[in-house]
1. Given the peptides 135-148, 112-125, arrange them by the average over their residues of other C-beta atoms within 10 Å, most packed first.
2. Taking amide H positions as placed 1.01 Å from N in the peptide plane, with prolines and chain starts having none, which residues 5 or more places from Val135, or on another chain, fall under 5 Å of its amide H?
3. Sort 150-159, 57-66 by the packing proxy (mean of other Cβ within 10 Å over each peptide's residues), most packed first.
4. Between the range 56-101 and the range 106-127, how far is it from one alpha carbon centroid to the other, in angstrom?
5. Using 0.36 nm per residue of separation minus the Cα-Cα distance, give me the extension gain between Lys63 and Ser100 in nm, one decimal.
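Bear in mind these aren't lab numbers, they're just calculated from the coordinates by the rules spelled out. Not measured: the values here are computed from a predicted model. Because the Cβ atoms are built from the backbone with ideal geometry, glycine has one as well, and the counts that use them run over all protein chains shown.
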Amino acid sequence: MLRLLMLNNSYCKPSSKSRSGFCRLLDFVTASAATFLLALVFSAPAIATNNDHEKPIHIEAGKLVIKEKQGISHYSGHVKISQGSRIISGDSVSIHSENSKISKIIIKGTPASFSQLNELNEKTQASAEEMVFYVDNEILVMTKNAILQQKGNVFSSEKISYNTADDIMIAGDSNTPDNERVKITIHPKKDSHTNQ
C-alpha cells in the first residue's frame with residue numbers, strides 16, 4: 001500500500017490535466033487498497049464475550065425503591081452493578097422486569113459508565129449521560145456524549161449502540177447534524193516483535 005502511494009505521488013502528478021491510463025488505474029488500486037484496510041479495521045471478526053450473561057448480578061447503591069406491581073426497582077446514590085467482568089455504574093439506575101426476569105436496565109450519570117472483558121481479556125469501556133442495557137439481546141444503547149473505547153480506539157457520538165455479545169458497534173445515523181457527527185480516533189496496532 002505504501003509503495004503504491006509512493007509510486008502514485010512520484011510518477012503521477014496530481015496537477016496534470018490529462019492523467020495517463022496507468023495513473024488512473026493506480027489511483028483506483030490505491031483507493032481500493034485504502035478502502036480494504038479501513039474495512040479490516042472496522043470489521044474485525046466478532047469475538048464473543050465470556051459467559052457474563054450466565055453469572056449472577058450484584059448491585060450496590062445508597063437507596064432502593066421497589067415498585068413491584070410495575071416491575072421496576074430504582075437505585076440511587078453511586079450505583080454499581082456487576083455481572084462477571086461486566087461493570088455498570090451511574091448516579092441512578094432503574095431495573096425493569098417482565099415475568100420476574102430483568103428486561104432492561106436504564107443508567108443515568110455524569111457520566112454513567114460500562115466496562116466488559118471479552119474472551120481475549122480485552123477491555124471495552126463506555127461512558128454517556130444515559131445508557132439503556134437490553135438484557136435479552138445484550139445491546140447497550142448510549143446517548144448524550146457517548147464514548148466507546150475498544151482496543152485503543154475511541155469512538156464518540158451523541159448515540160452509540162453496542163452489541164456486547166457479538167462485539168458490534170453502531171454510532172450516529174444518517175440524519176446526524178454536523179456538530180454531532182461521529183468522531184473516531186484509531187491507533188495503529190503496535191508490532192509485538194522488536195529488533196534488538
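1. With the highest mean Cβ count within 10 Å placed first, the list reads 135-148, 112-125.
2. So Val135 has HN proximity to Lys104, Ile105.
3. In decreasing order of mean packing, 150-159, 57-66 become 150-159, 57-66.
4. So the separation of the two Cα centres works out to 16 Å.
5. Numbers: separation 37, 0.36 × 37 = 13.32 nm, distance 2.12 nm.
Here the answer is 11.2 nm.
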